[in-house]
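Undergrad: The structure under discussion is supplied below as structure tokens; questions concerning it will follow.
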């Protein structure tokens, strides 16, 4: 019996986590009449999945939302990695005055929530006439202290002797940073990519502040437009839309899962 | 193969409050094998890293072949370093690892890029690099490993790859930072022989850092023994062994550790040990007498002692004895001969007087002369 208790506890946790997904998938194929049915039986009395998904895909430009999401997430991730990797390398492996102070600042910056910065950022972007652009959706996230912190933790364990051998062989610091150290921290890169893409794919808060143009809306904001359009709320179609925008993230996570798990266990970040 | 002298003068280096190197000057001659030996923390690795350019000295200059390189980058010094952990590039094959020093010097940035490089690099340069890699691999007998990754190699094989990577660039000098310390004892002895053979073939300048005095004694032309950031003694291995300049050198060099006895040099100049006059004379004052294990003899009369322990080392035997006065003395005997002790393990010890070493209270060597023998 003892052996099963941990599994039981974990199964309970998994149930709590997975239940909403299951419910979403279930609702997305049920007819409006069945929406509020408490039963969790996977086969609906009347299968309206096709209608629900068609409605979600056609009423609003779902493909456009997805594309916006891809553009925003890729842009953010690219600049985050480009800036965080050299910063983390410098903090982890180079010796210069003020290094400790900078590291403390990085950790301090981890504690500042996005909401605290929203107003000044909004005002700044508005004054610059940049509202309703992809740039406005991406810019606040270009510099990620979380990325610096995560890469710093993993770069720190890279053997100094290899870096020194590289210096004697004539590698430049940038070549060492990108060609050797980042290469040795591939799981961290994968883990961070998953974190970043999931966070910004699912972000509703910031796009809602800076974007009101449907053509620029990322998926969650698009869903919001969709539910506005569909006043009276067809929950089946709404859930079909939600399932469609969640799917890429689930697939993305499953693909990177092995690296992701290695990355977070290696750096001890949860 | 190019070989050059290394000249360090007035090198000082501190980390925070601690002075790691205190005014070191050292000339490594062309083609010489010089070992830097000392306990961990004596500054030997820091000194090597200063030669390599991986650390900058606070004070002093480094010259390689007469050229001042104190402010040069590591890559501009044309030195090759072999690290304790071998420091092979983990994602590259052995072939690529060995080629890297040459690729970095002979190919431009564009030619080093993974895909573009194949198109832009000059074919002749690539062929030259391939030939050099093949030759280095052949020298170290690792041709069959060229397509493996470092993770697929054993410690000894990695060591060879690291050596091949070092010698492929034909450096002005080789710097080695405890390269054998991660190998098991048998392989270490084997690689030691190979290093000596390699060095004889290349005739290059070697600076070799080790804490293992056996490595230093067997391989070096000269040894610089470092203690607390200073060079305590610089000389040939025999010189350090047979005439240590200080008590610290005598204690470090030699295995088993030299036997030390408190001594007193009487005003008349005769050295006394535990009140017994010896046949040696020196400057009056308190002193320490050092006697190597092979110079201790079992005698009819002498210092009474009893055997504590017997250790067999094949042809030799180490006897650990305790003097009646309390000191422990180790002596080395032929295993084929009897110990010379009575049935209770008691014996009397003497020593070969002209091979003993006397150190004053300041730790410096005192010259001694033999006097007329007064019953030892």
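Here, each number is a calculation from the coordinates, and none is a lab measurement. Model, not experiment: these values are computed from the prediction. Note: ideal-geometry Cβ built from the backbone for every residue, glycine included; neighbour counts use all protein chains shown.
Undergrad: Which of B:12, B:123, B:366 moves most in a GNM of chain B, Cα contacts under 10 Å?
TA: Among B:12, B:123, B:366, the largest mean-square fluctuation in the Gaussian network model of chain B belongs to B:123.
Undergrad: While we're looking at this one, here's another question. Taking R0 as 51 Å, what FRET efficiency do you get between residue B:119 and residue B:84 from their Cβ-Cβ distance, rounded to the nearest 0.05?
TA: For residue B:119 and residue B:84, the calculated efficiency is 0.85.
Undergrad: Same structure, new question: Other chains' Cβ within 10 Å of B:81-90 residues: what's the mean?
TA: Across B:81-90, the average partner-chain Cβ count within 10 Å equals 5.
Undergrad: Rounded to the nearest Å, what's the spacing between the alpha carbon centres of segment B:95-148 and segment B:156-221? Just the number, please.
TA: Measuring centre to centre over Cα atoms gives 23 Å.
Undergrad: Next question, about the same structure. Averaged across the residues of B:67-79, what count of C-beta atoms belonging to other chains lies within 10 Å of each residue's C-beta?
TA: Per residue, the average neighbour count from other chains is 2.
Undergrad: Can you bin chain A into rounded, prolate or oblate? Criterion: square roots of the alpha carbon gyration tensor eigenvalues sorted a ≥ b ≥ c, rounded for a/c under 1.5, prolate for a/b above b/c, oblate for the rest.
TA: Since a/c reaches 1.5 but b/c is at least a/b, the shape of chain A is classed as oblate.
Undergrad: Something else about it: Obtain the nm distance between the two label points defined at residue B:30 and residue A:110 by a simple spin-label model: each point lies 7 Å from its Cα along the Cα-to-C-beta direction.
TA: 5.7 nm
Undergrad: While we're here: Please give the peptides A:85-94, B:158-167 ranked by average Cβ packing (other Cβ atoms within 10 Å per residue), highest first, as a rough proxy for protection.
TA: The densest-packed peptide leads the list: B:158-167, A:85-94.
Undergrad: On to the next question. Computed FRET efficiency, Cβ-Cβ of residue B:294 and residue B:367, R0 25 Å: what is it to the nearest 0.05?
TA: About 0.70, to the nearest 0.05.
Undergrad: If you don't mind, another one. By what distance, in whole Å, do the Cα atoms of segment B:256-370 stretch along each of the three principal axes, largest value first?
TA: Principal extents (largest minus smallest coordinate, Cα): 41, 24, 22 Å.
Undergrad: Less than 13 Å from a label point 7 Å out along the Cα-to-Cβ axis of residue B:311: which backbone N atoms in segment B:323-346 qualify, by residue?
TA: Within reach of a label on residue B:311, which here means backbone N under 13 Å from a point 7 Å along Cα→Cβ, segment B:323-346 contributes B:329-333.
Undergrad: Want the number for residue B:221 to residue B:70: 0.36 nm per residue separation, take away the alpha-carbon distance, what's left?
TA: 51.8 nm
Undergrad: Here is a further query. Stretch residue A:54-residue A:12 to full length: gain in nm at 0.36 nm per residue minus the Cα-Cα span?
TA: Full extension from residue A:54 to residue A:12 adds 11.7 nm.
Undergrad: What average count of beta carbons from other chains do you get within 10 Å of the Cβ of residues in A:154-162?
TA: Partner-chain Cβ atoms within 10 Å, mean over residues of A:154-162: 3.
Undergrad: Take peptides B:298-305, A:114-121 and line them up by average Cβ neighbours within 10 Å, highest first, as a rough protection proxy.
TA: Ranking the peptides B:298-305, A:114-121 by packing returns B:298-305, A:114-121.
Undergrad: Sticking with this one: Tell me, how many Å apart are the Cα centres for segment B:309-328 and for segment A:176-203?
TA: 62 Å
Undergrad: With runs of 4+ DSSP H residues as the only contributors, calculate the mean residue ellipticity of chain B at 222 nm using -39,500 (n - 2.57) per run, divided by the residue total and rounded to the nearest 500.
TA: -7500 deg cm²/dmol
Undergrad: Any chance you could run the full-extension gain for residue A:103 through residue A:45? It's 0.36 nm times the residue separation minus the Cα-Cα distance, nm to one decimal.
TA: That works out to 15.0 nm of additional length.
Undergrad: How far is the Cα center of segment A:87-125 from the Cα center of segment A:127-143, in Å?
TA: The two parts, judged by their Cα centres, are 19 Å apart.
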